[in-house]
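I have placed the structure first, in the form of structure tokens, so that the comments after it can refer back to it.
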Amino acid sequence: MTYILEQKQIEEIEQVLSKSLIDLGVHSVILIDMAGNIVVDQDSGNSDHDIYSLAALAAGNYGAMNAMANIVGEDEFSLLFHKGETANIHFSKILSDYLLVSIFGKEISLGFLRLKVAEAVAKIEKLLPTQSA
Amino acid sequence: MAFVNLKKKEVQAKIVYYGPGRGGKTTNLEFIYNRIRSQMQNEMVTIKTHGDRTLFFDFLPLNIGTIKGYSIRTQLYTVPGQVKYNATRRLVLRGVDGIVFVADSMAVRKEKNISSLKNLEENLAAYQKDLYKIPIVLQYNKRDLGKKGVPLLSIEEMERDLNSKLKAPSFGTSAMIGHNVVATLKKAIQMTMISLQRTLM
Ligand SMILES: Nc1nc2c(ncn2[C@@H]2O[C@H](COP(=O)(O)OP(=O)(O)OP(=O)(O)O)[C@@H](O)[C@H]2O)c(=O)[nH]1
Ligand SMILES: [Mg+2]
């Protein structure tokens with residue numbers, strides 16, 4: 001199974017991510033699908049993470065979290081967030097096939113980030129194709 | 001679930017190495033990684049137990065050049081082969097586009113190969129995918145052990161056990177010394193690309 005995004009769709013998503021998140025100080029955002037492919041990535045210009053590995057691990061990690069949720073009788077966990085010394089990472093599911101991964105530092109509070117991610121997700125949902133897998 | 005990015009003119013596809021525990025899946029990826037590491041910025045990702053068994057997956061992104069103006073990026077994964085890790089094994093299969101099935105040629109692993117292939121069929125079915133339709137290449141690995149006096153299954157017997165219905169391309173290999181590792185991968189990529197083109201048209 002294969003899906004395609006046009007240049008215009010990708011640019012619209014890039015715009016949303018850069019306006020809603022990068023401009024507010026988020027270091028880097030990666031939109032991935034559940035297979036671990038990178039759909040769009042945006043960063044503030046001073047982060048050089050290995051985003052392909054990050055995408056593969058994020059997709060696997062998300063799948064594992066979801067499977068754990070099911071075992072304890074939840075549909076899913078609503079907050080997926082890892083906190084570090086200087087970098088934090090937040091995951092947000094989009095439709096059933098995509099995941100938005102945001103990496104941010106101390107400057108931004110989790111509450112504010114979640115609010116902004118939710119706004120971005122609402123916009124991006126309309127720009128992405130739905131799949132059946 | 002391959003992804004075509006028309007802005008970057010890039011195709012991303014996922015190829016998964018599947019097969020029984022200790023069959024040589026991780027060794028395949030390590031061989032490929034060692035071949036290309038000088039051109040890679042990234043390291044291979046592995047999630048293992050301390051005993052070197054794969055716990056979740058190995059991951060190696062591979063840029064294989066351009067086809068018809070599109071740059072092709074294949075993401076290689078291995079699954080954990082141990083029976084008890086089926087939940088994580090199934091997660092790795094999500095969105096798979098092509099498979100390399102690494103069977104173990106050691107005579108004592110005959111049943112393990114057969115049940116692993118059956119397990120693959122079941123796990124693919126969980127994603128509404130059909131073992132008989134997905135691009136797949138079989139590998140009969142550890143052929144080098146024959147010279148060391150270890151009893152091996154003959155290629156014919158392995159074909160009968162695993163490939164009589166499937167009729168997939170197959171290779172006798174030694175992942176440890178790298179024999180036919182690249183040939184297997186090339187075949188898997190080629191089949192995956194042909195199948196992607198078909199779904200795009
Ligand atoms: N002689 C020989 N040994 C091999 C070959 N391929 C792998 N091995 C050895 O077999 C053992 C298991 O190989 P792995 O690559 O870790 O096997 P795996 O399929 O990834 O195993 P799991 O992660 O448990 O699923 C290791 O000790 C390898 O060195 C081969 O072609 N010949
Ligand atoms: Mg392994």
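Identify all residues within segment B:1-39 that are assigned to a loop (DSSP other than H, G, I, E, B), away from ligand 2 (no atom under 13 Å from the Cβ) and either open to solvent by 40 Å² or more (accessible area, probe 1.4 Å) or among the charged types (D, E, K, R) (or both); write none if there are none.
Initially, segment B:1-39 is screened for residues assigned to a loop (DSSP other than H, G, I, E, B), giving B:1, B:6-9, B:19-24.
Subsequent filtering for residues that are away from ligand 2 (no atom under 13 Å from the Cβ) retains B:1, B:6-9.
Of everything in segment B:1-39, those that are assigned to a loop (DSSP other than H, G, I, E, B), away from ligand 2 (no atom under 13 Å from the Cβ) and either open to solvent by 40 Å² or more (accessible area, probe 1.4 Å) or among the charged types (D, E, K, R) (or both) turn out to be B:6, B:7, B:8, B:9.
A quick yes/no check of all residues on (1) buried (at least 19 other Cβ atoms within 10 Å of the Cβ); (2) in contact (Cβ under 8 Å) with a residue 60 or more places away in the chain:
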| position | (1), (2) |
| --- | --- |
| B:63 | no, no |
| B:66 | no, no |
| B:72 | yes, yes |
| B:75 | yes, yes |
| B:79 | yes, yes |
| B:83 | no, yes |
| B:88 | yes, no |
| B:95 | yes, yes |
| B:107 | no, no |
Failed condition for residue A:28, given (1) under 29 Å from residue B:43 (Cβ atoms); (2) within 14 Å of chain B (Cβ to nearest Cβ): (2)
Which numbered condition residue B:64 fails, given (1) more than 14 Å from ligand 1 (Cβ to nearest atom); (2) farther than 18 Å from residue A:52 by Cα: (2)
Residue check, residue B:55 near ligand 1 (Cβ under 10 Å from one of its atoms), open to solvent by 50 Å² or more (accessible area, probe 1.4 Å) and among the aliphatic types (A, V, I, L, M): yes
Residues of segment B:104-130 satisfying the condition of being outside any helix (DSSP H, G or I) and either over 29 Å from residue B:177 (Cα atoms) or basic (Lys, Arg) (or both): B:126, B:127, B:128, B:129, B:130
Verdict on residue A:34 being touching a Phe, Trp or Tyr at 6+ places or on another chain (Cβ under 8 Å), more than 9 Å from every other protein chain (Cβ to nearest Cβ) and not charged (D, E, K, R): no
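Which strands (runs of 3 or more DSSP E) sit wholly inside segment B:41-100 and have at least 3 residues that are over 22 Å from residue B:199 (Cβ atoms), facing chain A (nearest Cβ under 8 Å) and within 18 Å of the chain's Cα centre (by Cα)?
Correct list: B:54-67.
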Hits in segment B:31-40 (condition: within 14 Å of chain A (Cβ to nearest Cβ) and over 18 Å from residue B:175 (Cβ atoms)): B:40
Subset of segment B:131-148 [assigned to a loop (DSSP other than H, G, I, E, B) and open to solvent by 60 Å² or more (accessible area, probe 1.4 Å)]: B:132, B:133
Condition met for residue B:195 (within 14 Å of chain A (Cβ to nearest Cβ), out of contact with any Lys or Arg (no Cβ under 7 Å at 6 or more places or on another chain) and open to solvent by less than 40 Å² (accessible area, probe 1.4 Å)): yes
Some residue of segment B:81-94 being out of contact with any helix residue (DSSP H, G or I) (no Cβ under 6 Å at 6 or more places or on another chain), of a type outside the set (Lys, Arg) and closer than 30 Å to residue B:7 by Cβ: yes
Members of segment A:13-23 that are in a helix (DSSP H, G or I) and open to solvent by less than 70 Å² (accessible area, probe 1.4 Å): A:13, A:14, A:16, A:17, A:18, A:20, A:22
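The values are calculated or read from the model by the stated rules, or taken from the named source; none is laboratory data. Because the structure is predicted, anything quoted here is derived from the model rather than measured. A quick note on method: Cβ atoms are made from the backbone with ideal geometry, for glycine too, and the neighbour counts reach across all protein chains shown. Areas reflect the complete protein model, heavy atoms only, side chains present, ligands, DNA and RNA absent. Shrake-Rupley method; radii C 1.70, N 1.55, O 1.52, S 1.80 Å.
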